[in-house]
Amino acid sequence: MRDEREVNRALEEYADMIRRVCFYHLKNRADSEDVFQEVFLKYMLHEEPFSDKDHERAWLLRVAINACKDYLKSFFRRNVISMELINEMEAEIQDGHREVLDAVLSLPKKYKDVIYLHYYEGYSAPEIGKILNKKENTVYSLLSRGRNLLKDFLTDEEGSFGKAGR
């Protein structure tokens, strides 16, 4: 088990990133906070040392993404309808960026993750490949296809991906 000082340091350093990842996946502030706490509890209980800061950051991202996926697959989540709306964060998003964020969030899952990690978290394709357990060339392909879908979506007046994008 990690000591309190180490957990506090990780919280200070990675809290914002993990909250963003959780909200990005769950689109609900309360659920995001629940998963956020779970991620750092797992961090506290994880006894193996990290080789460096990048390894630690990637581990936290992977745990957060997996915890979000597990939460979305849970019985509770599948059988309860949330009362909260994504509009909670609208005040924090500039008007010019809202359309792009909506487009990114409406991408099919396989494109959404790589686009988010690349453009919002600043990871390179090889790093994303390690985080998502995908080959580097696969990541490049997903980024390219995701960008094309975003371009089509943002230039389409109706704002739908149609049958090809889903």
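The values are calculated or read from the model by the stated rules, or taken from the named source; none is laboratory data. Remember, it's a predicted structure, so these values are computed and weren't measured experimentally. Counting neighbours? That spans all protein chains shown, and the Cβs are built from the backbone with ideal geometry, glycine included.
Is it true that E90 is in a helix (DSSP H, G or I), among the acidic types (D, E) and modelled with pLDDT under 80? Yes; evaluated as a whole, the condition is true for this residue.
Which residues, counting only those in region 10-32, are within 16 Å of S106 (Cβ to Cβ) and aromatic (F, W, Y)? I'd like the intermediate steps shown before the answer.
Restricting attention to region 10-32, the residues satisfying the condition of being within 16 Å of S106 (Cβ to Cβ) are 23-27.
Within region 10-32, F23, Y24 qualify.
Looking only at residues of region 24-57 that are assigned to a loop (DSSP other than H, G, I, E, B) and over 19 Å from K130 (Cβ atoms), we find that the one that is nearest to the chain's Cα centre (by Cα) is K27.
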